[in-house]
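Q: There's a structure below that I have some questions on.
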Amino acid sequence: MDPLLTLQNICYSYHTPGGETPALENISFTVGEGEFIAIVGPSGCGKSTLLNLICGLVKPESGEILLRGEPVENARAQTGYMLQKDHLFEWRTVYRNILLGLEIQHKCTPENLARADALLETYGLAAFKNSRPSELSGGMRQRAALIRTLVLDPDLLLLDEPFSALDYQTRLSVCDDIGIIIKKEKKTAVLVTHDLSEAISTADRVIVLSKRPGRIKRIVPIQLDMEDRTPFRSRSAPNFKDYFNQIWKELNSYG
Ligand code: ADP
Ligand code: MG
């Protein structure tokens, strides 16, 4: 089967009056349907730029990005984007926030509204449908933001450090929560994080980038010795620390 996402020799530089800043160099990888990929790398190495390229917000200088075999700018497959800030609007109820994408895309069909209700129900937010975002905990807000994305039924989910604004404990449980939802909904995901444990605990493969300009240093398939893997349980797998040490060394090596 063709991969859902293919990147071939992607290069990208920012051009400013001060000069040219190469951000990414020769990035190639594929993402299979249903796969969970984590991307780690030092701050400023081009991780957010890479997600912006994948969703077609910016165009690569050279190389090609294909979604289900079509160039991303005219692909029919949809991407959903989740960021560090949840961008929920306080003047809308939780429910109206979740419908925002559907409203913008003129897709408030009975079928889609039913899906919104089902997602709220399944993921424990039905009772907060008419609440304002400020009445939700940080974790519930991220769950609401994810539901807002899922209701559009994207083929590919892009997550840019979605947990980094949360305190450590909340972050562990929200990461578990979101990881479980993404697997349950059978979504393909690319998660950018600077947290190595988060990457190993969620991903099927971890892509390690070098410092700027970001190049792929290594792609590490993660196979933890456990059944019924969830992000939280993954952390206690016997070989978790081996992956941690391996990727840690990779991140801190020169070149
Ligand atoms: P990351 O998400 O890994 O921290 P980014 O993708 O945001 O990194 O940025 C990669 C590099 O590109 C940064 O080091 C920065 O110098 C440069 N950069 C990012 N955005 C811009 C911009 N709008 N204009 C010029 N340079 C930028
Ligand atoms: Mg970033």
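The values are calculated or read from the model by the stated rules, or taken from the named source; none is laboratory data. Keep in mind it's a predicted model, so treat the numbers as computed, not measured. Neighbour counts run over all protein chains shown; Cβ positions are idealised from the backbone, glycine included. Side chains are part of the model used for accessible areas, which takes the heavy atoms of the whole protein and leaves out ligands, DNA and RNA. Shrake-Rupley method; radii C 1.70, N 1.55, O 1.52, S 1.80 Å.
Q: Which residues, taken from the stretch 50-74, are within 16 Å of ligand 2 (Cβ to nearest atom) and within 12 Å of residue 158 (Cβ to Cβ)? Quick ask: steps written out before the conclusion?
A: Looking only at the stretch 50-74, we keep the residues that are within 16 Å of ligand 2 (Cβ to nearest atom), and these are 50-55, 57-58.
Result: 50, 51, 52, 53, 54, 55, 57.
Q: Could you pull out the residue among 158, 119, 166, 146 that is open to solvent by less than 50 Å² (accessible area, probe 1.4 Å) and in a loop (DSSP other than H, G, I, E, B)? Show your work before the answer.
A: On the way: 158 fails: in a loop (DSSP other than H, G, I, E, B); 119 fails: in a loop (DSSP other than H, G, I, E, B); 146 fails: in a loop (DSSP other than H, G, I, E, B).
After applying the criteria, what remains is 166.
Q: For residues that are in a helix (DSSP H, G or I) and at positive phi, tally how many sit in the stretch 122-143. I'd like the intermediate steps shown before the answer.
A: Narrowing the stretch 122-143 to residues in a helix (DSSP H, G or I): 122, 126-128, 133-135, 138-143.
From the residues that got through so far, the ones that are at positive phi too are none.
Within the stretch 122-143, residues that are in a helix (DSSP H, G or I) and at positive phi number 0.
Q: Taking the stretch 204-250 on its own, how many of its residues are open to solvent by 50 Å² or more (accessible area, probe 1.4 Å) and within 18 Å of residue 26 (Cα to Cα)?
A: So the answer is 5.
Q: Cβ-Cβ under 7 Å, sequence separation 6+ or interchain: first residue in the stretch 158-171 and touching a residue at least 24 places away in the same chain (Cβ under 8 Å), partner open to solvent by 30 Å² or more (accessible area, probe 1.4 Å) and of a type in the set (Val, Ile, Thr). Which pairs?
A: Close Cβ pairs satisfying both conditions: 158/79.
Q: Scan the stretch 11-68 residue by residue and report those that are more than 25 Å from residue 252 (Cα to Cα), open to solvent by less than 20 Å² (accessible area, probe 1.4 Å) and within 13 Å of ligand 1 (Cβ to nearest atom).
A: Of everything in the stretch 11-68, those that are more than 25 Å from residue 252 (Cα to Cα), open to solvent by less than 20 Å² (accessible area, probe 1.4 Å) and within 13 Å of ligand 1 (Cβ to nearest atom) turn out to be 53, 54.
Q: Related question: Exactly one condition in (1) surrounded by fewer than 14 Cβ atoms within 10 Å (Cβ to Cβ); (2) β-branched (Val, Ile, Thr); (3) in contact with a helix residue (DSSP H, G or I) (Cβ under 9 Å, 6 or more places away or on another chain) is false for residue 93; which is it?
A: Just one mismatch for residue 93, condition (1).
Q: Would you confirm whether any residue within the stretch 196-203 is closer than 26 Å to residue 4 by Cβ, within 16 Å of ligand 2 (Cβ to nearest atom), buried (at least 23 other Cβ atoms within 10 Å of the Cβ) and not acidic (Asp, Glu)?
A: The answer is yes, given that some residue of the stretch 196-203 is closer than 26 Å to residue 4 by Cβ, within 16 Å of ligand 2 (Cβ to nearest atom), buried (at least 23 other Cβ atoms within 10 Å of the Cβ) and not acidic (Asp, Glu).
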